[in-house]
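Single-structure report; data block below.
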Amino acid sequence: MNETPEPEYDDGDIAITGIACRFPGADGKEQFWDNLVSGRESITFLQKEEIEVDQALVNNPFYVRACATLDGYDEFDPSVFGISDRLARLMTPEHRLLLESVWDVLEDAGYDPERVAGEVGIYVAANPQTPALYSSAPDWVSVGPEVMELSNAWFPDTMSSNALFYTGLTGEAMTLTAVCTGFHYSVHLACQSLLLGQTDMAIASGVMVRLPHRRGYLWEEGRIMSRDGHCRPFDANGTGTRLASGVATFLLKPLRQAVADRDHIYATVKGSAINNNGASAVSYGFAQPERLGACIANAMHVGGVTPDTVSMYEGNFFGLPMTDGLEVRAAQMAFGKQTGTTSIGSIKGNIGHAGVAAGGSGAVKAALALYHRKLVPTINLTEVNEDLDFPNTPFVPQVEGADWTPEAGVRRAGVTALGGGGYNAHLVLEEPPVLPARAPETGAPRLVAVSALDDRGLAGRREALREWITSHPEARLDDISLSLNLGRKAMDRRWAAVVRTTAELAEALSVETGGRVASAGSARHTDLSGFRRTDDGLVPDTAEALHDGETLFRLANAWVQGQRVDFAALHEGESSHRVPLPGYPFARRRFWRTDW
């Protein structure tokens, strides 16, 4: 009998197993991707009365009332993390945005923090200016426990450690500042830690909330801000970009381990590199082609990737002819002389420049493009700047969306980030591996568990899951069951069902009670005979009972009543995989500091 050979994975490859993001016009990665595919520009032109500051400037002919607003930037759901309203009010918007994004990325990857046994490193890029703009801390004389708690809610240094603490994880924690390359630096350090075996999983993030939030800016000739509020990458009439807010977060794990753990994989990080221009800078804060080109080439070298196999380049392009030209030159130096093989684009036309999260917006775009096998348009590009000389470079501007069919046979993307002060960073990403085919589902009964903090949250969970199943007819019940049972924290309000198909599950999610549904309103005391307790909770006594519908329904009732269930035992030895299901429906409220 012929056996299918085991796939080979490069020990240096890092899997992206979870993605979470919020950017202007998008409350999550699905909406973000839809905006990119549809070529939407997420920009708001403020009315005079909407501008929070600058009242003395709004009539200036050079004042541009364009703003890339982030909906809910001042809102938060502290109850999910056990945080008091007072503490939530003192936390900066970036602290709060990061916490929810870390929660989202863990759920997207199908991991309940309470079930994570290993070390999880968290590396976060943040803007140290934001706390000062949000509030000035009092001149504390005391350094007692209360002062320390208030300080930790406010300091940028503690953003990463707060994310560990309030999600119940342990591992490395680092908050870093590398200006607009911050997200890339976070990914670079996270990958190094994973490859050195210092962490088992890693979270890399960049978060930026511009304060005051609803404001425009003064246009200045030759600077990076656009004359009319629109960013036009590669365009002959480009005059710059605009500033934006947002957060991007990756959950990372060594590829070989991710495959073994049956993780969902969006893409892989093949290589990363960082450097700084230092004294060689042409102009401090602008790209230095030789140094940036070396950074791009080094990332490809680290990943064992040749330039002719990289068919997408997502750049830092501001839509300012001079800076666009410098970056095209740098990329051409790294890629060599082959022509017309690489799609080139920039997300800044869609959302603008999100500071330390800017590289994250491009990296999320590239990872999702690899996952969906699609190239999305670079918008606001109507007249390509001839001075960029694209016909004599390896690059072709991606004017329209298209299916991604690379000549090299493998999809790879390069993503560049640049930062004032001479910072350069580059990531090389590759499409996810093709996993071995699985046998069809047997139609065996499955226990599916859903919970939330309250009835509102539970109803939101169920409705979002039902809609997801309807829009993903190809989804497998065993994958959904695994992802919910092992990938969600068990909360007080609970609902469970025992079903055999996704259609049955969708139907069960729409009703409160029934023959297949166990809920708080219908569950009665459950006879626990036929179950045994492990360190992780209840499990049926026999292997046969694991697939018995009546036994599973009694187990569902026990779980709804508050009993712990050893869900891992229910899925042991299966071929099921984690899949990205809808995240928690946060009940956000506005929090803003008024006093200490």
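Quick notes
- For the chain, DSSP calls about 70 percent of its internal beta bridges antiparallel.
- Gyration tensor (alpha-carbon) shape descriptor, the range 201-359, a/c threshold 1.5: oblate
- Here the range 358-404 and the range 44-94 have alpha carbon centers that stand 30 Å from each other.
- Long-range HN-HN contacts of residue 223 with modeled amide H, under 5 Å: none
- Per-residue packing, averaged as other Cβ atoms within 10 Å, sorts the ranges 286-297, 70-81 into the order 286-297, 70-81, beginning with the highest.
- Converting phi to 3J(HN,Hα) with the Karplus coefficients 6.51, -1.76 and 1.60 and the offset θ = phi - 60°, the range 573-581 yields x, 7, 9, 5, 10, 6, 10, x, 9 Hz in sequence order, with x at every glycine or proline.
- Tensor-based shape of the range 1-97 (alpha-carbon gyration tensor, a/c under 1.5 rounded, otherwise prolate or oblate): oblate
- Which of 489, 337 is most accessible, then next, and so on - probe 1.4 Å: 337, 489
- Convex hull of alpha carbon positions in the range 37-147: directionally averaged projected area 12.2 nm².
- Amide H contacts of residue 214 (H built 1.01 Å from N, under 5 Å, at least 5 apart or other chain): 52
- Taking the C-alpha atoms only, the angle from helix 549-560 to the longest principal axis of the chain is near 60 degrees.
- Computed with a 1.4 Å probe over protein heavy atoms only, the accessible surface of the chain comes to 41 Å² per residue.
- From most to least packed by mean Cβ count within 10 Å, the peptides 148-155, 427-434, 458-465 give 427-434, 458-465, 148-155.
- Karplus-derived HN-Hα couplings along the range 67-83 (A = 6.51, B = -1.76, C = 1.60, θ = phi - 60°), whole Hz, x at Gly and Pro: 8, 9, 6, 10, 4, x, 4, 9, 10, 6, 10, x, 4, 4, 9, x, 9
- Here's how it looks for residue 235: its modeled amide H is under 5 Å from those of 385, which are all 5 or more places away or on a different chain.
- Where 528, 418 fall by accessible area, highest first, once all protein chains stay in place (1.4 Å): 528, 418
- The count of lysine pairs in the chain with alpha-carbon distances below 13 Å, taking only pairs 8 or more places apart or on different chains, stands at 4.
- Across the range 445-456, rounded Karplus estimates of 3J(HN,Hα) from the backbone phi angles (6.51 cos²θ - 1.76 cosθ + 1.60, θ = phi - 60°) give x, 10, 8, 10, 10, 9, 8, 7, 6, 8, 4, 4 Hz, Gly and Pro being marked x.
- Shape call, the range 325-478: gyration tensor on alpha carbons, a/c limit 1.5: prolate
- Peptides 167-175, 341-349, 219-227 ordered by average Cβ neighbours within 10 Å, highest first: 341-349, 167-175, 219-227
The values are calculated or read from the model by the stated rules, or taken from the named source; none is laboratory data. None of these values were measured; they are calculated from a predicted model. Ideal geometry is used to build each Cβ from the backbone, glycine not excepted, and the neighbour counts take in all protein chains shown. Note: areas computed on protein heavy atoms with side chains; ligands, DNA, RNA excluded. Shrake-Rupley method; radii C 1.70, N 1.55, O 1.52, S 1.80 Å.
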